[in-house]
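The values are calculated or read from the model by the stated rules, or taken from the named source; none is laboratory data. Just so you know, these numbers come straight off a predicted model, no measurement behind them. Every residue, glycine among them, receives a Cβ derived from its backbone with ideal geometry; neighbour counts consider all protein chains shown. To get the accessible areas, we keep the full protein, side chains included, count just its heavy atoms, and leave off ligands, DNA and RNA. Shrake-Rupley method; radii C 1.70, N 1.55, O 1.52, S 1.80 Å.
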Amino acid sequence: MATAIGMTTHTQEETGLWSWLTTVDHKRIGTVYAVAGFLFFLLGGLEALAVRTQLAVPNGVVLDADRYNQFFTMHALTMIFLGVMPMGAGFFNYFIPLQIGARDVAFPRLNALSLWIFLSGGILLNASFFLGGAPNGGWFGYAPLSSIEYAKTSGMNFYVVALLVLGLSSLMASLNFAVTIINMRPPGMSMMRLPVFIWMTLVVTFLLILSLPVLTVALLQLYFDRMWGTAFFSPAAGGDPILWQHLFWIFGHPEVYVLILPSMGIVSEVLPVMARKPLFGYSAIVFAGASIGVLGFGVWAHHMFTTGLGPVPQVVFSASTMAIGVPTGIKIFNWLGTMYGGNIRFVTATYYAVAFIALFTIGGISGVMHASPPVDGQHQDSYFVVAHLHYVLVGGAIMGIFSGIYYWFPKMTGRLLDEKLGMISFWTMFAGLNLTFFPMHFLGLAGMPRRIYTYDADLGWDTWNMVATLGSYTLGIGILLFLVNFVITMRKPADAGNDPWGGATLEWATTSPPPAHNFEVIPEVRDRDPLWYDRDHNIAPAVVPEHNHIHMPPPSYFPLIISLGVLLIAVGALSHLAVTALGVVIVLYGIWGWALEPTD
Amino acid sequence: MGGSPGRMIGIIGSLVLVGVVTVLIYLAFAESFDAVRQPMTTFVPKSDQANLIHGVYQFVFILAAAVFVFIMALTLVFSIMYRERPGQVARQFHGNSRLEVIWTLVPVLIVVAIAVPTYSAMASITKPAPENALKVIAIGHQWWWEFRYPELGITTANELHLPVDRPVSVTLESKDVIHSFWVPALSGKVDNMPGHDNHLWFTPNEARAEPYLGQCAEFCGLSHANMRFRVFVNTTAQFDTWAASNKADRVTPSVALAQAGEQQFVASGCIGCHTVRGQASAAGVIGPDLTHVGSRTTIASGTLDHTPENLRKWLANPPGVKPGSLMPNLNLSPEALDKLVAYLEGLK
Ligand SMILES: [Cu+2]
Ligand SMILES: [Cu+2]
């Protein structure tokens with residue numbers, strides 16, 4: 001491929017499948033992440049609807065026990081690893097370079113590699129449905145239920161291998177984003193002038209960099225146990241099932257923040273712009289986010305209060321869990337402080353952001369409730385916890401993501417999503433999710449355990465289950481309306497303009513959609529809200545020099561080749577080691593070509 | 001701020017809305033105080049320890065409700081007050097140190113307020129069981145419960161009998177995967193971990209005819225949903241009678257059909273998995289002890305009510321009744337079923 005030097009680069013003009021497969025442009029990679037993430041989100045949603053349909057009435061007959069177990073396991077895995085995380089990654093990819101005035105991420109080819117490995121992992125995990133049955137031991141894969149003795153189908157093998165693959169992708173992406181954020185800021189953008197969305201991403205990358213290795217160790221041990229007869233988690237042979245729980249939750253709790261922090265970042269971008277005033281308590285929000293990240297590593301055993309930890313660890317972990325409620329509370333107050341005194345433009349993005357505050361608060365409150373171990377003894381593994389986590393992840397993470405979609409859509413496509421339809425879709429989703437998840441509090445307190453495919457009629461659980469199921473259909477319709485909105489909007493002319501909201505951050509200084517090289521001139525930052533500062537101080541945009549030589553990295557197909565190799569290694573781990581060997585050869589070839597490929 | 005009457009109406013309206021929603025939610029929660037309609041409710045504690053837990057819960061609940069009302073109201077009111085309108089200008093400020101200190105301290109105070117009753121309840125719940133406690137071993141199996149009374153020499157399944165007002169100390173074990181012992185009215189859940197024993201104790205404080213319902217709370221595979229159990233809390237006299245009769249060996253069958261059933265029980269291989277004390281060859285330990293199966297109120301850990309028809313249905317095809325059940329379908333003939341049902345029904 002030729003080297004691109006000049007005013008424009010060839011990546012922008014190129015279209016067609018091959019240009020997408022070989023792209024190293026962060027915006028295209030972000031778009032594929034976001035679209036794939038959304039499609040997986042829809043798939044996970046369908047799985048949830050099947051689960052809710054089964055539970056609509058007592059003694060339901062829609063799904064049998066085995067299928068039910070596969071569906072609830074895959075619902076969680078899909079939503080967490082293939083839906084919410086990739087949608088977050090889509091935003092990271094697209095907007096980190098734009099918000100810090102960079103031309104791309106630090107390692108563009110590594111970025112493409114993360115994307116293709118993520119897609120390989122997602123396809124592999126879902127292929128299990130057709131290859132002997134999907135994972136059925138829960139997304140938490142507790143030992144010894146996940147052992148070969150109790151989970152005889154290949155489902156849990158797919159679980160192990162696909163999560164290893166997905167973890168590899170997340171790890172590479174995290175390192176890439178962390179380096180990008182730390183090293184590629186423009187002149188004047190000190191750390192304390194970073195947009196909050198970037199700060200929250202930085203915390204997420206560190207959470208992943210530190211927690212994924214722990215999950216990797218646990219998964220490898222489980223793989224050895226299942227395939228090669230070791231006994232890390234098998235009590236009969238001297239192993240310890242509790243070890244799995246510690247390892248899993250040392251990853252699993254930080255993972256919760258991996259899912260929610262990006263949305264906290266998005267809301268912290270949307271609210272000030274819509275309220276037309278600076279974010280309230282910037283440094284408090286940043287420090288709260290960072291301390292959530294740190295404390296998030298010290299609370300894992302609150303998932304294990306009922307395992308017989310003993311009173312001392314119970315006290316310690318309940319104290320740390322309560323402590324993490326404090327920075328969370330600070331954030332909520334700061335968002336409210338941002339609304340206070342504003343002149344808030346209530347567009348769909350704002351509705352989602354405000355709904356985020358309210359619904360996330362509900363999830364936060366119930367979280368603090370079961371930080372108390374005796375109370376948790378009644379709540380753990382009941383629908384109360386299901387309600388709690390869905391208020392955090394749907395009321396929180398998903399509302400934030402939708403806010404981000406409506407907010408940044410004009411930047412990505414040059415088109416504003418239809419407001420009227422957006423509003424209908426918002427209210428449908430809002431009603432639907434509250435109808436689905438609020439009654440689950442009542443069900444949990446009425447003694448309904450989680451992960452049961454059936455229940456008896458005389459337990460007083462029927463009404464709320466029916467309401468929850470109807471609510472989930474409503475939520476589904478709301479999301480469908482968003483899709484309609486998307487299709488309608490994409491058929492309209494791209495006339496949103498560069499800055500429809502009067503944004504404060506750098507992405508609004510370039511065109512919509514941005515050119516391949518993002519900015520003609522790397523912007524200079526003079527304030528936390530650079531565009532507002534320039535506006536208020538009548539600072540004109542920098543002049544584009546006559547001979548503007550912009551160097552953009554050329555496309556590369558080596559990421560695709562390496563990811564194919566990784567996929568084969570994974571398939572081999574599930575079938576025959578010869579396939580793995582072939583995969584290793586391909587990966588080595590890919591690395592070789594990658595290393596020798598000219599990048600300028 | 002404030003300003004137009006429309007806005008005032010909006011603000012008052014939203015406060016009313018928050019109030020109404022809160023009351024409705026409370027009414028829905030309050031439904032759980034009805035242990036007749038919701039027999040597994042966590043809101044009607046019937047042991048000293050569950051009482052303590054519920055006390056902590058209620059306190060936490062009130063705090064939670066206060067935070068809920070406050071934040072929901074603020075969000076709604078701000079949404080209305082600062083909604084864009086002509087002439088309104090957003091005030092430009094970056095924060096307010098005093099406010100920020102206050103709203104850091106408020107959550108701190110709230111969690112401290114939760115911590116104090118939590119730890120005081122824990123201090124009494126987690127101390128060792130009293131000396132005079134009745135010892136019970138609860139063993140989780142995929143997907144049924146084995147209950148043993150080591151001091152009384154009783155082994156039974158899926159139905160636990162306890163005397164009122166006497167502490168009971170439960171040792172939790174598992175034969176296979178992790179299960180969790182949960183009777184909401186009597187105690188918070190504690191897991192049955194394979195490879196190490198857990199302990200739990202409580203003092204049931206209300207004797208009654210209807211059983212307290214329990215269920216395995218840790219996902220344990222295919223029939224996790226069908227791993228239910230019952231706890232009968234009786235007066236001491238009633239408990240002693242039950243214990244005496246359950247300690248005894250089986251009732252020897254007297255009618256011909258039941259006697260034929262006893263033969264069938266051997267011939268069909270039931271003895272390989274089930275113990276019937278008093279029937280010499282029946283010493284299997286894979287399935288529940290059947291010595292007094294005729295006196296139990298349910299079959300297969302709450303999957304079916306105990307009636308002769310249901311027993312027959314169960315024996316005819318256990319995995320058909322309960323997915324994955326480790327009692328296989330033995331393809332018994334109708335005659336064999338008649339005999340077995342007659343025999344088992346006699347094992348009172
Ligand atoms: Cu956690
Ligand atoms: Cu279970």
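Here are the numbers:
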| item | result |
| --- | --- |
| B:Ala283 paired with B:Thr297, simple spin-label distance in nm, labels 7 Å along Cα-to-beta-carbon | 3.4 nm |
| Set of aspartates and glutamates with alpha-carbon distance to A:Lys331 below 15 Å, sequence-local pairs under 8 removed | A:Glu269, B:Glu100 |
| Cα-based Rg / Dmax (Å) for the stretch A:27-66 | 15.3, 49 |
| Radius of gyration and maximum dimension Dmax of the stretch B:134-244, Cα, Å | 13.1, 39 |
| Under the Karplus curve 6.51 cos²θ - 1.76 cosθ + 1.60, θ = phi - 60°, whole-Hz ³J(HN,Hα) for the stretch B:71-80, x wherever Gly or Pro sits | 5, 4, 5, 4, 4, 5, 5, 4, 4, 7 |
| Minimum 40 Å² accessible area buried by the other protein chains, the stretch B:167-203 residues, probe 1.4 Å, relative to alone | B:Val177, B:Ile178, B:Trp182, B:Lys189, B:Asp191, B:Met193, B:Pro194 |
| Taking the stretch A:315-381 and dividing mean pair separation by its residue count, relative contact order in percent (alpha carbons under 8 Å, at least six apart) | 52 percent |
| Approximate shape of the stretch A:1-157 as ellipsoid semi-axes (Cα gyration tensor, √5λ), whole Å, largest first | 39, 16, 13 |
| Taking the stretch B:256-345 and dividing mean pair separation by its residue count, relative contact order in percent (alpha carbons under 8 Å, at least six apart) | 35 percent |
| Simple label model, 7 Å out from Cα along Cβ direction - A:Ser575 to B:Val23, nm | 6.5 nm |
| Cα-Cα over 27 Å, subset of B:Lys135/B:Lys189; B:Lys313/B:Lys348; B:Lys135/B:Lys313; B:Lys46/B:Lys175 | B:Lys135/B:Lys313; B:Lys46/B:Lys175 |
| Cα gyration tensor shape for the stretch B:4-125, rounded if a/c is under 1.5, else prolate or oblate | oblate |
| Surface accessible to a 1.4 Å probe, per residue, for the residues of chain A, Å² | 33 Å² |
| Crossing angle, helix B:5-30 versus chain B [Cα axis fit, 0-90 degrees, rounded to tens] | 20 degrees |
| Folded to 0 to 90 degrees: helix B:236-247 orientation relative to chain B principal axis, Cα | 40 degrees |
| Mean residue ellipticity (222 nm) of the protein assembly as shown, computed from DSSP H runs ≥ 4 via -39,500 (n - 2.57), nearest 500 | -18500 deg cm²/dmol |
| Considering only the protein assembly as shown, percent of DSSP beta bridges that pair antiparallel, nearest 5 | 70 percent |
| Rg(Cα) / (2.2 N^0.38 Å) computed for chain B, rounded to two decimals | 1.38 |
| Whole-number accessible area per residue in Å² for the stretch B:134-244, which is evaluated in the context of all protein chains at 1.4 Å | 27 Å² |
| Whole-Å semi-axes of the stretch A:378-522's equivalent ellipsoid (Cα gyration tensor) | 41, 17, 10 |
| HN-Hα J in Hz across the stretch B:325-331 - Karplus 6.51, -1.76, 1.60, θ = phi - 60°, x for Gly and Pro | 3, 7, 8, x, 6, 9, 6 |
| Length-normalised contact order of the stretch B:134-244 in % [C-alpha pairs under 8 Å, at least 6 apart] | 30 percent |
| Cα shape, the stretch B:193-348, gyration tensor, a/c 1.5 rule | oblate |
| Square roots of five times the Cα gyration tensor eigenvalues for the stretch A:472-535, Å | 33, 16, 10 |
| Compactness relative to 2.2 N^0.38 Å, alpha carbon Rg of the stretch A:213-270 | 1.58 |
| Neighbourhood net charge (14 Å Cβ-Cβ; Lys/Arg +1, Asp/Glu -1) for B:Gly188 | -3 |
| Long-range HN-HN contacts of B:His161 with modeled amide H, under 5 Å | B:Phe232 |
| Globularity ratio of the stretch B:256-345, using Cα Rg and 2.2 N^0.38 Å | 0.98 |
| Orientation-averaged projected area, Cα convex hull of the stretch A:308-457 (nm²) | 11.8 nm² |
| Accessible-area value, B:Lys127, 1.4 Å probe, nucleic acids and ligands omitted, Å² | 100 Å² |
| Heavy-atom accessible area order for B:Trp103, A:Trp461, largest first, 1.4 Å probe | B:Trp103, A:Trp461 |
| Heavy-atom accessible surface that B and A bury in contact, both chains counted, 1.4 Å, Å² to 100 | 7300 Å² |
| Solvent-accessible area lost in complex, 50 Å² minimum, residues of the stretch A:130-176 relative to chain alone, 1.4 Å | A:Leu145, A:Tyr150 |
| Stokes-Einstein D in µm²/s, Kirkwood radius over Cα pairs - chain A at 25 °C with 0.890 mPa s viscosity | 98 µm²/s |
| Karplus-derived HN-Hα couplings along the stretch A:89-105 (A = 6.51, B = -1.76, C = 1.60, θ = phi - 60°), whole Hz, x at Gly and Pro | 4, x, 5, 4, 4, 5, 9, 4, x, 5, 6, 9, x, 9, 8, 6, 7 |
| Value in Å of the Kirkwood radius, where the stretch A:559-600 supplies the Cα pairs that are averaged | 10.2 Å |
| Built amide H within the under 5 Å cut-off of B:His179, gap 5+ | B:Asn192 |
| Kirkwood estimate for the stretch A:240-387, i.e. one over the average of 1/r between Cα atoms, Å | 16.5 Å |
| 10 Å Cβ neighbours from other chains, averaged over peptide B:43-52 | 1 |
| Built amide H within the under 5 Å cut-off of A:Lys492, gap 5+ | none |
| Accessible carbon and sulfur surface of the stretch A:559-600 relative to its total accessible area, %, 1.4 Å | 81 percent |
| Solvent accessible area, Å² - B:Ser79, 1.4 Å probe, full protein context | 10 Å² |
| Within the stretch B:256-345: Cβ-based charge dipole about Cα centre, in debye rounded to nearest 20 (Lys, Arg +1; Asp, Glu -1) | 160 debye |
| Angle in degrees between helix A:65-77 and the longest Cα principal axis of chain A, rounded to the nearest 10 | 30 degrees |
| Share of carbon and sulfur in the accessible heavy-atom surface of chain B [1.4 Å probe, %] | 65 percent |
